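Participant: I have a structure here, written as structure tokens, and I will follow up with some questions on it.
Just so you know, all these numbers are worked out from the coordinates, no wet-lab data involved. Just so you know, these numbers come straight off a predicted model, no measurement behind them. Don't worry about glycine lacking a Cβ; one is built from the backbone with ideal geometry, like all the others, and counts go over all protein chains shown.
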Amino acid sequence: MCYDHYGDVKMKLDRLIGILTLLLQNKKTTAPKLAKHFEVSRRTILRDIDTLNMAGIPIVATRGGDGGIAIMDGYKINHGVLTTDELQNLIAALKGLDSVSKQSNLENLMGKLTQGNVVVSLADSIVIDLSSYYKDTLSEKIALIKQAISESRTISFDYYYEKGNTRREIEPYCIEFRWKAWYLFGWCRKRKDFRRFKLNRLWELVLTNEHFSRRAVPDDILNASDVFNEQNEQNNIQIRFDKSVRFRLIEEYGLNCYEENENGLLLSLDYTNKEYILGWVLGFGDKAEILSPLKIRAEFAEIAKNIFCKYQT
């Protein structure tokens, strides 16, 4: 799993713990061996070693025939590596992941984390719930996809989108929580490219018996920075809102997202998906008015006219 709240943090944390465990069990290893073991690049392993060093774990690298990577002699990990606050934050994150897990491992994990002389208050100062209205089906999907990822097996499913539905076979790489929703990220064999699929639109999952080898993923695609790249045409829309919906604008875009005058709240937005932005504005009912561009204003007026006609008696 990869690089979101479920993926990015969890995958890297799992790998860091794995590297540390291997180094504690074996006095010395090499970057190529670690890269092969964790199925990442040598460069990623070296970045991980730097991260562990910055965390206060003295890892040394030596060159030569007897060289390699090892933890400095005499170093031992104790419970002081994690402070009480750090443990509480980690437990909050674990509870968030547990909210979408098919089976709960929280009690066992918390027992391991809080063993020894470290006492952690289990009162929730932070609550993270990553589930949704579709919690049961969501947990089932995540469990199956996690199995497919760990076993490097493809999955197939029906996917529903604006043009209908399609059957896809995917090499799954990670589960992501982005943009207020869960996504599957992987290589689409039909499109022959990396794709993201929203889990709530993904049904009839089947775990196949076909195995795959992981492909190199460009950083911009992995981190989703490609979503708003130059291939997506940027457009701008000017909207005036009634002051009564101020809280919704602040919730979506922050405290200083609009300009205020006597006529209302003026919001200027860049967008790439016209259908999405029109649907979003429509959700405000008569509390929003598109000012420009005029073409979009006219299109929205036609939508409003059609709605009115449906409700005429």
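Participant: Hand me the GluC sites (Glu not before Pro) from the stretch 241-313 located in a DSSP loop with no more than 10 other Cβ atoms within 10 Å, in residue order please.
Facilitator: Filter output for the stretch 241-313: Glu262.
Participant: In addition: Which FRET efficiency value, to the nearest 0.05, is calculated for Lys192 and Ser139 with the Förster distance at 35 angstrom and r the Cβ-Cβ distance?
Facilitator: My answer for the efficiency is 0.70.
Participant: Moving on. Tell me, what HN-Hα J-couplings in whole Hz come from the Karplus equation 6.51 cos²θ - 1.76 cosθ + 1.60 at θ = phi - 60° for each residue of the stretch 261-276, using x for Gly and Pro?
Facilitator: 9, 5, 8, x, 10, 9, 10, 10, 10, 9, 8, 10, 10, 5, 4, 5
Participant: State which entries of Lys146/Lys274; Lys192/Lys295; Lys190/Lys274; Lys198/Lys243 exceed 29 angstrom in Cα-Cα distance in the structure shown.
Facilitator: Lys146/Lys274; Lys192/Lys295; Lys198/Lys243
Participant: So how much slack lies between Leu46 and Lys28, counting 0.36 nm per residue of separation and subtracting their Cα-Cα distance, in nm?
Facilitator: Gain on stretching Leu46 to Lys28: 5.0 nm.
Participant: To make sure I understand, if each residue's beta carbon is the centre and we count other beta carbons within 10 Å, what order do Cys174, Cys257 fall in, fewest to most?
Facilitator: Ordered by Cβ neighbours within 10 Å, fewest first: Cys257, Cys174.
Participant: How would Arg215, Arg153 line up from fewest to most surrounding beta-carbon atoms within 10 angstrom?
Facilitator: With the fewest neighbours first, Arg215, Arg153 line up as Arg215, Arg153.
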